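Notes follow once the structure below has been shown.
The values are calculated or read from the model by the stated rules, or taken from the named source; none is laboratory data. Everything quoted here is computed from the prediction, not taken from an experiment. Neighbour counts run over all protein chains shown; Cβ positions are idealised from the backbone, glycine included. Just the protein is used for accessible areas: all its heavy atoms, side chains included, with ligands, DNA and RNA removed. Shrake-Rupley method; radii C 1.70, N 1.55, O 1.52, S 1.80 Å.
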Amino acid sequence: MIPCPSDLKLEAHLLDEAGSPIAPHLSSCDRCRARLEEMRRLGDEFRREVYPVTVDAVVARPRSRGPLARWMLYLAPIPVAAAAAAVLLLVQPRGPGDDYLGVKGSGLTLAVFARATDAARAVADGESVSPSAALRFQVRPAVPCRLWLVSVDSAGTVSRLYPAAGEGGAEMAGPGPLPGGVLLDGKPGPERIYAVCAPRAIAFADLERAVRAAAGAGAAAVRAGRPLQGLPGDAAQATLLLEKRP
Amino acid sequence: MSDEREETARIYRDLGPAVYRRCLRLLGDREAARDATQEVFVKLLRDTRRLQDRETVIPWIYRVATNHCLNLRRNARRRGEEELEPALEVAPGQSEARYPDRQLAQKVLSRFDVATQAVAVGVFVDGMEHEEVAAALGISRRTVSRKLDRFLANARKYLERSTS
């Protein structure tokens with residue numbers, strides 16, 4: 001009796017049914033046909049439930065870049081650069097455009113897009129951007145949480161990117177664009193953005209202290225981008241390095 | 001959407017199901033599988049020519065997704081997150097004599113490096129022949145046999161210790 005094909009062979013069959021060498025076996029094996037049916041059902045599940053919420057991130061991801069560490073929240077490509085001391089929040093009430101970018105992070109999804117002349121350009125972790133680039137963010141938290149978006153530069157200056165005012169972070173009940181955007185300060189050099197979202201409020205002073213400890217000791221520390229320590233254990237965090245170059 | 005982005009989306013739509021099924025099988029959790037699928041596909045996109053080779057793309061997907069998900073399981077275990085460590089379902093046809101205790105075997109599995117885990121999963125969970133595992137993982141059949149022998153020897157030792 002011909003042994004039942006492995007899942008790998010069934011996958012190859014699904015990809016090219018016309019030229020499948022296991023077709024004769026499938027025609028006479030109820031169990032394998034049931035396996036195949038289950039695989040098709042999962043394929044439908046992917047197209048219905050997974051593809052729509054992940055395709056933007058997959059499409060946006062530069063092909064030549066490796067994934068960041070799991071704890072990171074990817075800031076998808078865009079000409080963005082974090083503002084250091086002179087961050088300006090620009091009120092732009094309209095929602096994300098067609099160049100919306102979303103990338104999965106640790107319990108959090110962040111979408112970032114920046115305005116260029118007439119379109120958004122994606123930037124990856126560590127990519128160069130204009131020192132005075134404008135950027136926007138969209139966040140999709142796994143659970144309702146309070147969000148902080150901050151940056152740190154090679155001078156050790158920690159800047160609030162979002163929310164611009166208030167204490168404890170901005171409440172995020174679900175996915176959505178962050179109001180406003182950020183204009184970079186025009187100063188060349190590395191800038192690291194940290195996104196932190198926690199179920200409970202985190203004082204900005206505590207976050208600032210954590211950011212400074214992790215990446216506030218010069219350009220090398222900014223580029224190294226260690227995870228933030230001393231935050232609540234249930235806080236999701238992510239980071240992205242930007243190299244501001246004229 | 002640009003032509004390149006449309007092409008990437010099309011490839012993702014066509015091959016994403018294979019990645020998702022693999023991740024779901026190894027992670028046993030739909031949300032984790034969804035996230036892993038995205039992460040794996042980003043890795044696969046580093047070589048789009050390979051993604052378009054219908055002859056070899058499925059074994060390549062299998063290898064990248066398997067390594068990625070086994071790493072996720074290992075990392076989850078290190079963090080004490082048990083939910084990402086479901087018992088792996090033994091492939092149909094695998095005799096109980098070769099895989100006597102799923103829970104015990106899973107504990108043994110986690111004690112090995114990811115490469116050895118991938119071999120053991122290929123044989124015991126996926127029910128593949130040694131040759132097929134070797135081809136899928138891009139290693140020699142001899143390496144498969146060696147890693148499997150080591151896995152089984154240590155699994156037996158672990159079994160003996162746990163029952164004595």
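What residue, among those in region A:1-23 that are open to solvent by less than 90 Å² (accessible area, probe 1.4 Å) and away from chain B (no Cβ under 11 Å), is nearest to the chain's Cα centre (by Cα)? Residue satisfying both the conditions and the ranking: A:E17.
Here are some residues: B:R50, B:R10, B:R21. Which one is closer than 23 Å to A:K9 by Cβ, part of a helix (DSSP H, G or I), without any contact (Cβ under 8 Å) to a residue 12 or more places away in the chain and more than 9 Å from chain A (Cβ to nearest Cβ)?
Numbers: B:R10 fails: closer than 23 Å to A:K9 by Cβ; B:R21 fails: more than 9 Å from chain A (Cβ to nearest Cβ).
Unique residue meeting the criteria: B:R50.
From the list A:S132, A:S151, A:S128, the lone residue that is among the polar types (S, T, N, Q), touching a strand residue (DSSP E or B) at 6+ places or on another chain (Cβ under 6 Å) and farther than 21 Å from A:A214 by Cβ is A:S128. Among the residues in region A:84-97, are any in a helix (DSSP H, G or I), over 20 Å from B:I58 (Cα atoms) and either more than 9 Å from every other protein chain (Cβ to nearest Cβ) or at pLDDT 50 or above (or both)? No.
Between B:D3, B:D35, B:D29, the distinction of being open to solvent by 10 Å² or more (accessible area, probe 1.4 Å), farther than 20 Å from B:A136 by Cβ and within 7 Å of chain A (Cβ to nearest Cβ) belongs to B:D35 only.
Could you please let me know if A:D56 is touching a Gly at 6+ places or on another chain (Cβ under 7 Å), assigned to a helix (DSSP H, G or I) and more than 7 Å from chain B (Cβ to nearest Cβ)?
Judged against the criteria, A:D56 is a match.
For region A:150-166, the set of residues classified as of a type in the set (V, I, T) and over 13 Å from A:D185 (Cα atoms) consists of A:V150 only. Tell me, which residue of region A:28-43 that is in contact with a helix residue (DSSP H, G or I) (Cβ under 8 Å, 6 or more places away or on another chain) and open to solvent by 60 Å² or more (accessible area, probe 1.4 Å) is farthest from the other protein chains (Cβ to nearest Cβ)? Only one residue tops the list, namely A:R33.
Kindly indicate whether A:A220 is among the hydrophobic types (A, V, I, L, M, F, W, C) and surrounded by 16 or more Cβ atoms within 10 Å (Cβ to Cβ). Write out each step before concluding.
Working: among the hydrophobic types (A, V, I, L, M, F, W, C): yes; surrounded by 16 or more Cβ atoms within 10 Å (Cβ to Cβ): no.
Against the criterion (among the hydrophobic types (A, V, I, L, M, F, W, C) and surrounded by 16 or more Cβ atoms within 10 Å (Cβ to Cβ)), A:A220 does not qualify.
For region B:53-71, how many residues are under 15 Å from the mean Cα position of the chain (by Cα) and more than 8 Å from chain A (Cβ to nearest Cβ)?
Let us first name the residues in region B:53-71 that are under 15 Å from the mean Cα position of the chain (by Cα), namely B:58-71.
Those still in the list that are more than 8 Å from chain A (Cβ to nearest Cβ) too: B:60, B:63-71.
Within region B:53-71, residues that are under 15 Å from the mean Cα position of the chain (by Cα) and more than 8 Å from chain A (Cβ to nearest Cβ) number 10.
Is there any pair with a first residue in region A:1-28 that is on the phi > 0 side of the Ramachandran plot and a second that is polar (S, T, N, Q) and surrounded by 11 or more Cβ atoms within 10 Å (Cβ to Cβ) whose Cβ atoms are under 9 Å apart and which are 6 or more apart or on different chains, and what are they? If the second residue must be polar (S, T, N, Q) and surrounded by 11 or more Cβ atoms within 10 Å (Cβ to Cβ), no pairs are left. For A:D185, the stated conditions do not hold, so it cannot be described as surrounded by fewer than 17 Cβ atoms within 10 Å (Cβ to Cβ), acidic (D, E) and closer than 19 Å to A:V152 by Cα.
Considering only strands (runs of 3 or more DSSP E) fully contained in region A:151-209, which possess at least 1 residues that are over 17 Å from A:D234 (Cα atoms) and of a type in the set (V, I, T)? Fully inside region A:151-209 and qualifying: A:158-162, A:189-198.
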